[in-house]
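Bear in mind that the values in this text are calculations on the coordinates, not laboratory data. Every value quoted in this text rests on a predicted model; they were computed, and no experiment measured them. Here the Cβ positions follow ideal geometry from the backbone for every residue, glycine too, while neighbour counts run over all protein chains shown.
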Amino acid sequence: MTPRGVVRKGICSNYLQQTLPKLSPDGKLIQSTFPRKPSQVRLFISPNPHFRLPGQDSLSINMTREMLSGGDAYLPLNSSLLMFAVGSGIAPFRAFWEELEFLERSQGNVQVERVLFMGCRSSSDFLYAKELQSLTSQRGRGNKLLTAVIPVYSRENVVVKRYIQDVMLDYEDMIYSMLNDDNAFVYMCGSTRSCQGIESTLASILQSCGEDDLTFIQATNRIKEYKEFGRIKQDMFG
């Protein structure tokens with residue numbers, strides 16, 4: 001909390017707070033924590049070369065979109081996407097939909113399933129809510145960039161806490177259908193614990209909805225195979 005009573009939240013909030021000049025309760029400047037460069041914040045970025053849209057795994061940070069070869073350039077638009085974001089794990093998906101918007105403008109739009117599950121504490125924590133709402137509206141030839149955005153609020157109801165893993169079971173038929181589509185890819189980004197829970201629920205859905213009577217261990221092994229084949233990708237932290 002700042003001297004003026006403003007609450008700042010987030011992983012980096014303490015660091016960012018220290019970069020600001022210190023103020024007395026009446027708003028007068030006391031001192032700067034970093035007097036030499038009080039207005040600069042150092043950013044340390046570690047690109048993930050694997051958590052990318054289908055067909056772009058080989059795209060390095062020094063390459064341009066035009067350098068993609070052959071059918072790889074069309075894979076992002078032609079592939080169905082099942083995305084799970086937990087909290088700040090929404091960040092890479094914003095890059096996804098901005099890239100998809102660019103590709104649609106240059107290559108035309110394609111109607112495929114693109115579903116995003118977004119988990120956060122409450123509706124007030126729902127990042128990019130208005131932006132996501134616009135992406136699920138009709139565009140161009142009646143297509144939507146995102147088929148659906150499914151928000152999950154774990155603290156909105158103080159009596160019953162619901163997480164993405166719980167809500168996934170309400171959409172198990174849709175999720176099962178996408179898991180069995182060889183042209184569909186699954187992405188999850190968030191805390192390690194959350195992603196592990198989502199992965200376990202994917203295995204449960206494979207087991208309960210499938211017609212081949214898989215045991216849970218067999219379903220879990222199939223999820224591992226999807227990960228090895230690059231159909232399921234994770235970006236976990238914490």
**Prompt:** Using a simple spin-label model with points 7 Å from Cα along the Cα→Cβ vector, what separation in nm is obtained for residue 196 and residue 48?
**Reply:** 1.7 nm
**Request:** Describe numerically, in nm with one decimal, the distance between label points set 7 Å from Cα along Cα→Cβ at residue 155 and at residue 221.
**Result:** 4.2 nm
**Request:** Could you let me know the centre-to-centre spacing of region 93-129 and region 163-238, using Cα atoms, in angstrom?
**Result:** 20 Å
**Prompt:** Using θ = phi - 60° and the Karplus curve 6.51 cos²θ - 1.76 cosθ + 1.60, what whole-Hz ³J(HN,Hα) does each residue of region 200-215 get, with Gly and Pro shown as x?
**Reply:** 5, 5, 4, 5, 4, 5, 4, 5, 7, 9, x, 9, 9, 6, 6, 7
**Request:** Obtain the nm distance between the two label points defined at residue 101 and residue 228 by a simple spin-label model: each point lies 7 Å from its Cα along the Cα-to-C-beta direction.
**Result:** 3.9 nm
**Fill in**
One checks the Cα atoms of region 151-238 and finds Rg and Dmax, in Å, of 13.4, 40
**Asked** By how many nm would the segment from residue 94 to residue 211 lengthen if fully extended, with 0.36 nm per residue of separation less the alpha-carbon distance?
**Response** 38.6 nm
